[in-house]
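Here's the structure we're looking at; comments come further down.
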Amino acid sequence: MSAVLDNKSAPVAAPLHQASPGLWTLAWRRLKKDKVGMVSMVVVIFFLLMMFGSWAGIIAKNWSKEVGVSYANPAFMAGAENLEGVRKDDKAEASKVPYVDLSDIDPLAPRYKEWEERTAKIKVTETPRADTLLFGGDKWGRDVLQKAIKGAETSIFVGLVAALLATFIGTVLGAMSGYMGGKVGDALEWFYNVFTSIPYILLILAFAAVFKRGLDTIIFILAFTGWTGIYRLVRAEYIKHASREYVKAAQAIGASHSRRMFVHILPNVSHVCLVQLSQHVVQFIKAEVILSFLGLGVPVDSVSWGTMLAEAQSELVIGKWWQLAAAGISMAILVTAFSMLTDSLRDALDPKIK
């Protein structure tokens, strides 16, 4: 009987090991509590999905088609005067010369009328141009909304890929400089100081003026000139972590230098790389827009928010503001959401916040 009582009164043994949440789990919990950060994340995801949809041809695949009259009014301005939006057919009809029988002078004269009738039949089968579009049209009658979506694909793609490359370059060089030090660190510091001694915007413009225009050129220029800030922060983190106990323990068990740098230390500084990545996406999107606005960005047959803003300069003179609004508002929403998301990520990944 006493044995039974002893067994019942014995305390339940606590589990030997209870896993504590990691850095990313804690960061996600803190981020979910940040309403501004979550809303910003939804906006950014929406723009990314729009970019992939445009790239796949699901949306905005007919952005280059002339579906409306020149400077077609937005739908909410239907009925407003549009002097520049006279249809080409109307202009041709107004300037048409009356038919005159010239059979006595020109033996081919009877054929002229036949050719005109055939041309008229072809024109009838053409899709008529709309007087209004949802968000208006540009000079050639292309839909401004579809142009803004296609422009988002170009600008976001350039910003993302260039930021990934710049983060990779800055992380690798910063890791080598901070971990190895010595002559390697001195050489990389000299290379870093050369880049930072030249004003950033002048360096970008100089490279853009030399190389041939194209998306790959823009990505290369932005990545090759934008790695310095990431390098500086990653180098400081590696100097701090290189002398810690877990790195010494990895050295004691025979881990190579590259394994210590990128397997043991890198996960502990990855939050710095992630925040810098999101910051550089915003920075590079704005840089691409500036380059395209100045005519040093995307090719002529492509469209981005920068080319739309460049076209809108001449349109504002005649009161056509909707292309400027479409590109400017789209860019402002994305850049603001990305900036707020970056701030939220920085707060969520800060190890000092419990």
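The values are calculated or read from the model by the stated rules, or taken from the named source; none is laboratory data. In this text, all values refer to a predicted model and were calculated from it rather than measured experimentally. Counting neighbours? That spans all protein chains shown, and the Cβs are built from the backbone with ideal geometry, glycine included.
Residue by residue, here is whether (1) closer than 21 Å to Gly226 by Cβ; (2) free of Cβ contacts under 8 Å to residues at least 40 places away in the same chain; (3) buried (at least 24 other Cβ atoms within 10 Å of the Cβ) holds:
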position	(1), (2), (3)
Lys147	no, no, yes
Ser155	yes, no, yes
Val158	yes, no, yes
Ile169	yes, no, no
Met176	yes, no, no
Considering residues of segment 202-226 that are without any contact (Cβ under 8 Å) to a residue 12 or more places away in the chain and among the aliphatic types (A, V, I, L, M) only, the residue farthest from Pro299 (Cα to Cα) = Leu202
query = Before we move on, is Ala312 more than 19 Å from the chain's Cα centre (by Cα), in a helix (DSSP H, G or I), under 13 Å from Gly137 (Cα atoms) and of a type in the set (A, V, I, L, M, F, W, C)?
reply = yes
message = Between Val317, Val335, which is of a type in the set (Val, Ile, Thr), surrounded by fewer than 19 Cβ atoms within 10 Å (Cβ to Cβ) and under 22 Å from Val272 (Cα atoms)?
response = Val335
message = Considering only residues that are in a helix (DSSP H, G or I), over 12 Å from Val144 (Cα atoms) and of a type in the set (A, V, I, L, M), which ones fall in segment 315-334?
response = Leu316, Val317, Ile329, Met331, Ala332, Ile333, Leu334
remark   = Taking segment 334-352 and keeping residues within 14 Å of Val36 (Cβ to Cβ) and among the aliphatic types (A, V, I, L, M) leaves Ala337, Met340, Leu341, Leu345, Ala348
request  = Output the residues belonging to segment 269-282 that are of a type in the set (S, T, N, Q) and touching a helix residue (DSSP H, G or I) at 6+ places or on another chain (Cβ under 8 Å).
outcome  = Gln276, Ser278, Gln279
ask   = Looking at Ile285, Ile329, which is the one that is surrounded by fewer than 17 Cβ atoms within 10 Å (Cβ to Cβ) and within 15 Å of Ser155 (Cβ to Cβ)?
value = Ile329
query = Within the bounds of segment 28-39, is there any residue that is surrounded by 10 or more Cβ atoms within 10 Å (Cβ to Cβ), closer than 30 Å to Thr132 by Cβ and at pLDDT 90 or above?
reply = no
Residue selected from segment 238-263 under the condition aliphatic (A, V, I, L, M), in a helix (DSSP H, G or I) and without any contact (Cβ under 8 Å) to a residue 40 or more places away in the chain, by the criterion surrounded by the most Cβ atoms within 10 Å (Cβ to Cβ) = Val247
request  = Report, by residue number, each residue of segment 184-201 that is farther than 16 Å from Ile230 by Cβ and surrounded by 14 or more Cβ atoms within 10 Å (Cβ to Cβ).
outcome  = Gly185
remark   = Taking first residues from segment 330-354 that are at pLDDT 85 or above and second residues anywhere that are not in a helix (DSSP H, G or I), the pairs with Cβ under 6 Å that are 6 or more apart or on different chains are Ser344/Asp34
message = Quick test for you: out of Leu324, Leu266, Leu309, Leu296, pick the one residue that is buried (at least 19 other Cβ atoms within 10 Å of the Cβ) and either at pLDDT 85 or above or under 21 Å from Val43 (Cα atoms) (or both).
response = Leu309
inquiry  = Residue pairs, Cβ under 6 Å, 6 or more apart or interchain, first in segment 28-53 and closer than 23 Å to Ser155 by Cβ and hydroxyl-bearing (Ser, Thr, Tyr), second modelled with pLDDT under 95 and surrounded by fewer than 19 Cβ atoms within 10 Å (Cβ to Cβ). List them.
reply    = Ser40/Met340
query = Gly79 fails exactly one of the following numbered conditions: (1) within 30 Å of Thr154 (Cα to Cα); (2) modelled with pLDDT of 75 or more. What is the number of that condition?
reply = (1)
inquiry  = I'd like to know if segment 293-303 contains one or more residues that are over 21 Å from Val210 (Cβ atoms), in contact (Cβ under 8 Å) with a residue 60 or more places away in the chain and touching a strand residue (DSSP E or B) at 6+ places or on another chain (Cβ under 9 Å).
reply    = no
